[in-house]
Structure formats: structure tokens, C-alpha cells
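This report concerns only the one structure given below.
Every number here is computed from the coordinates shown, using simple stated rules; none is lab data. Predicted model, so just to flag it, every value in this text is computed and none were measured. Note that each Cβ is placed from the backbone with ideal geometry, even for glycine, and that neighbours are counted across all protein chains shown.
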Amino acid sequence: MRELLKVENLEAYYGESHILHGVGFSVGEGEVVTLLGRNGAGKTTTLKSIMGIVEKRKGSVRFEDRELVGLRSNAVARLGIAFCPEERGIFSSLNVEENLLLPPEVRPGGMRVEEIYEIFPNLKERRRSQGTKLSGGEQQMLAIGRILRTGATLLLLDEPTEGLAPVIVQKIGEVIRALKSRGFTVLLVEQNFRFAATVADRHYVMEDGRVVDQFRADELQSNMDKLHDYLGV
Amino acid sequence: MFELLGVPPQALFGQLLLGLINGAFYAMLSLGLAVIFGMLNVINFTHGAQYMMGAFCAWMLLKFLGLNYWFALILAPIIIGAFGILLERLFLRRLYNLDHLYGLLLTFGLSLIIEGVFRNQFGSTGQPYDNPLPGGQNLGFMFLPYYRAWVVVASLLVCLATWFVIERTRLGAYLRAATENPTLVQAFGINVPRMIMLTYGFGVGLAGLAGVLAAPIYQVSPLMGSNLIIIVFAVVVIGGMGSILGSVITGFTLGVVEGLTKVFYPEASSTVIFVIMAIVLLVRPAGLFGQTR
């Protein structure tokens, strides 16, 4: 499997506070990989540092052998990486369809709007509604749906299941598996490892701004105790 | 001659037209302010000076290059907009993360400097600018000068076009989204800093265009902007900062209200807008069309 994303010795800062202390991991093409960890372990900061939203960073992030550290977020996006933020980032001044069409196409080969509506029929029904009038689950689907159009091959999803009802969580799980079968590569940040276990090929565990452990999907069962310990569940 | 509410119709319609003309300028200028505020979070106090520069630019194009009004209508907004982009790159860019007050103070200072330079160069008496559309039409109830009709129509077209671009196009969706969450819009691959720069240039260009339209009506003088801008700020406060349609509707409406006040109670004509502003601030502090943020 070709290595799509390789993060090495990544350090990141918010103003004066040092958040990431040498994060390292890799994601292969077509894989679904999760970053697990407690609140404040640095998972979201890792995604934002890859994306260039956190600009103060050191170390190396390579995507298809191009160095991303030093690039601004708009340049990173143009290389084919898309970000779905934890707070979903649906725009209230835009309707559903405008939200869906907002991210510009960065590469050929993105999904067509019709295909996205097929996956998320609710969005099609409500395409004239104001974006923030949707339910939490629909907003999450919109937030994922709109980055599928762009042609980005690596999707960074930050806690897509947070605060959602179990049936919606299940639906999002199906969507992530469907994306994998379409060839998307997904880096997923999760606190809910029960959910993560249903979708991911590999898991990395983060603690205090570092990657401290990793498991393959088939190693998860035999390491439950360790995981419970890491995540404090 | 019949009378309407005790007022001769010529006076009524004359003032109504005058009100519409003033309203056209209020609308165009407050529209520019709204666009700039929405995107940059900067209250652009230099707007009046930039409007004045637009008028002077038209005057200079004619005097030194012999380019007539219609050329100036195209060229002056571009020149003044480019000047705005320069200001954004040099100064404004450094203030985005600070309180509104810094932007206001900086742009206020810039407007004093610009007006000072023009006053020093051209004196404060003002330069005449020939009317490119002389003559008019007698409509029976009033006389309609062609140029004034053109100003109202042109302003309406510009306001509508701006509204359309912002509310109905892809580019406008980027602008609206970036007003809400610039970080995320940039992470989608859009060069937000450049978009902000161009937005400021556009808003300033709009002020320049208003200046060109004003040149044949008012004297081209260094203080023409500061006389107008105080009222325009009142209009913006009434309409609500940052609302596109709100600033257009409020601009025209208040122009007409001011005109009608001149007919029915002339003593209040210069204060009526400020009285309305005070009432609106008491009842709806965010303005008639504004949203609290």
C-alpha cells in the first residue's frame, strides 16, 4: 500500500502554549485510520496542523511526498486534502445547496452533487433550507457531503459522531465504509472508540500531544484493557 | 395651480427628487461601508475621503487628460479602488485581529490626512464640473433634469448588481461564508486574505463611483466627503451594520424622508435622520436590518 500521509516529529503551538510534542504516524492510500485519545490529547490540533489551520508548527507532514509544513491552509486544500471540523462549520447565511457547493473543486474526479444527494437524501429534500436550520445529524451529513465534491482524496474528519443519536452514528459509519470502498482515504478523530472500531483499519492512541500506541483493527479485542486505560472509559 | 396638503406640487416633487438623489448617494456609500464591514470588520471612516477622491479623480481626468465624464465613470472607481487596495495592504491588514476601534481610528486619521492634502492643493472652495447630460424633461407636475434621473437609475443599478453578486452568485457565497468563518473557507482552498483585499478595493471603488456621479451635481471640493459621511454613518446605524439590502433600502428611504421633511417642516430637515437614528438605537440597537453578533 502506498503511503499517502506521513507525519513526523510534528510540534504545534497555540500562541505560547505548546500543544503537540513530536507527533508521528502514517496513513496509507485507501485506509481509514483513527486518532483516539482523551479530551485535550491533541487530536484536533493534529488535524488542524496537517491542514495548516494551526500555522505555528515544526516537524514534517508529507502528503504524496510534498511537504505541507509551511503551506497555508488554502494551499494544502488545493493539494487534495479536505477538512470536516468538529463544530461542522455549516454557514447560516447559506442554504443547504449553497453550503454543499461552497468548497471549490481542487482536483478532477470528485463526486457529483447527484451522487451526494443519493447518499444523503435528506439533504436533497431540504436543499433550500438555511444551513443551520438542519438537525445535528443532517448538519453533519452536509459537512461530510460538501467535501466529497471537491476531488480531495484525503478526508480529515473531526469527531463526526459527537452528540448524535445512535441511528445517525450508524448511518455515518455506513457512509465512511462506503467512502473507503470508493477509494477515499480517511483520517478520523474519535473519542467513541466503539464507533471507531466499526470503521477503521488502524488506530493510533494520543496522549499529551504525542502518539503513544497503535493497534490494527484485529488487535483491538485483545487490547481492550489497555485501551480502556488510555481513554479512561 | 392646485395644492397638495397645502404644498405646491412642484415643491413637493422637487424635494422628493432631491431626496431620491441624496438617497442614491447614501445608499451607494452605506452599501460600500456594509460590504467592507461585513468582510473586514473595519468601520471605514476613510469612505468620505474616498468619495471625494472619486470626484477629484474625474475632475483631474478631464482637466489634465481631457477624458470626459463617461471615461471617468469607468476609470475613477478603478483608480480609487486600487488606492484602497494599497491602504489595505499597507495598514488595514494589520488591524483585523484587534478591536473595531483601531480600524475606525486609523481610517479616521487617514481621511484627515487625505482631506488635508487635497485642501492644501486645491483650496476649499471647490471646482465646477460640467454636467454631461444637460437639459431635462417637463413632466407637467415637475421638471426632471436628465442628469439627476441618470444618477438615481445608475445608483439603483449598482446597488442591485452588488446585491445580486453577494446574495445570488458563487462568489457571493464565498464572501458570505468568509464573513462567518474565514478560517474554514480558507481551509476549503480559497485565498481569503486576497478576497478580503479585493473586497475592500471594491467597497472603496464604490465610494469612488459615487464621487464621480456626484461631481456634476455638487462642487468638487475637498470637504464634500466629510459633509456627507456623517449622515451616511447615521444611515448605516439605522439600517444595521453589515446588511447589504438593509443599507440600500435605508439609504433611499432616508433620502426621501429628508426631502419630505424639507417640504413639510424645513426646520427639522438637517436633524431628522439623527432623530430617527436615536429612536432606532433605543428600539433596535442592531439597526432595522441588522443582526446582533
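Tally Lys/Arg at +1 and Asp/Glu at -1 over every other residue whose Cβ is under 10 Å from the Cβ of A:Met1; what's the total?
Net local charge, A:Met1 excluded: -3.
Please report, ordered by residue number, every helix of chain B (full DSSP H runs) that is 18 Å or longer along its axis going by C-alpha atoms and whose mean Kyte-Doolittle hydropathy reaches -1.0.
Answer set is B:9-40, B:47-65, B:69-90, B:100-122, B:146-168, B:192-214, B:224-239, B:244-264.
So which residue, out of B:Tyr69, B:Tyr26, B:Tyr174, gets the largest mean-square fluctuation from a GNM of chain B using Cα contacts under 10 Å as springs?
Of B:Tyr69, B:Tyr26, B:Tyr174, the Gaussian network model singles out B:Tyr174 as fluctuating most.
Under the definition of partner shielding as Cβ atoms of other protein chains within 10 Å of a residue Cβ, what is the mean value for peptide A:89-95?
Mean number of neighbouring Cβ atoms from other chains: 6.
Against the longest alpha carbon principal axis of chain A, how many degrees, from 0 to 90 and to the nearest 10, is the axis of helix A:166-181 turned?
80 degrees
What ranking of A:Lys58, A:Lys171, A:Lys43 emerges when the number of other C-beta atoms within 10 Å of each C-beta is taken as an exposure proxy, fewest first?
A:Lys58, A:Lys171, A:Lys43
I need the GluC sites (Glu not before Pro) found in segment A:1-53, filtered to DSSP loop residues with at most 12 other beta carbons within 10 Å of theirs.
A:Glu16
When chain B is modelled as a GNM with alpha-carbon springs shorter than 10 Å, which of B:Gly123, B:Gly38, B:Gly140 fluctuates the most?
Of B:Gly123, B:Gly38, B:Gly140, the Gaussian network model singles out B:Gly140 as fluctuating most.
Just need the relative contact order of chain B here, percent rounded to a whole number, with Cα pairs under 8 Å and 6+ apart.
38 percent
In percent, how large is the relative contact order of segment A:3-231, given Cα pairs closer than 8 Å and 6 or more residues apart?
That works out to 28 percent.
Taking each residue in A:103-115, count the Cβ atoms of any other chain within 10 Å of its Cβ, then average. What number comes out?
1
Just to confirm a number: summing +1 for Lys and Arg and -1 for Asp and Glu over residues other than A:Leu154 whose beta-carbon lies under 14 angstrom from that of A:Leu154, what do you get?
Net charge in that neighbourhood comes out at +2.
Which trypsin sites (Lys or Arg not before Pro) from segment A:118-149 combine a DSSP loop assignment with at most 12 other Cβ atoms within 10 Å?
Those that pass, being in a loop and sparsely packed, are A:Arg128.
Given an 8 Å cut-off on Cα distances and at least 6 residues of separation, report the relative contact order of segment B:143-293 as a percent.
19 percent
Give the order of B:Trp70, B:Trp59 when sorted by the count of other beta carbons within 10 angstrom, beginning with the fewest.
The most exposed by this proxy come first: B:Trp70, B:Trp59.
Build a GNM of chain B with springs between Cα atoms under 10 Å: which of B:Phe37, B:Phe233, B:Phe141 gets the top mean-square fluctuation?
B:Phe141
Determine, for B:Leu98, B:Leu29, A:Leu20, the number of other Cβ atoms within 10 Å of each Cβ, and report the residues in order from fewest to most.
So the residues, fewest neighbours to most, are B:Leu98, A:Leu20, B:Leu29.
Taking only DSSP H segments of four or more residues, each worth -39500 (n - 2.57), what value at 222 nm results for chain B once the sum is divided by all its residues, to the nearest 500 deg cm²/dmol?
Calculated at 222 nm, the ellipticity per residue is -24000 deg cm²/dmol.
Using a 10 Å cut-off around each Cβ of peptide B:173-186, what is the average number of partner chain Cβ atoms that fall inside?
Other-chain Cβ atoms within 10 Å of each residue's Cβ, averaged: 6.
Nearest 5 is fine: what % of DSSP beta bridges in the protein assembly as shown come out antiparallel, could you say?
DSSP beta bridges in the protein assembly as shown are roughly 60 percent antiparallel.
Return the ratio Rg/(2.2 N^0.38 Å) for segment A:1-105, where Rg is computed over Cα atoms only.
For segment A:1-105, the normalised Cα radius of gyration comes out at 1.14.
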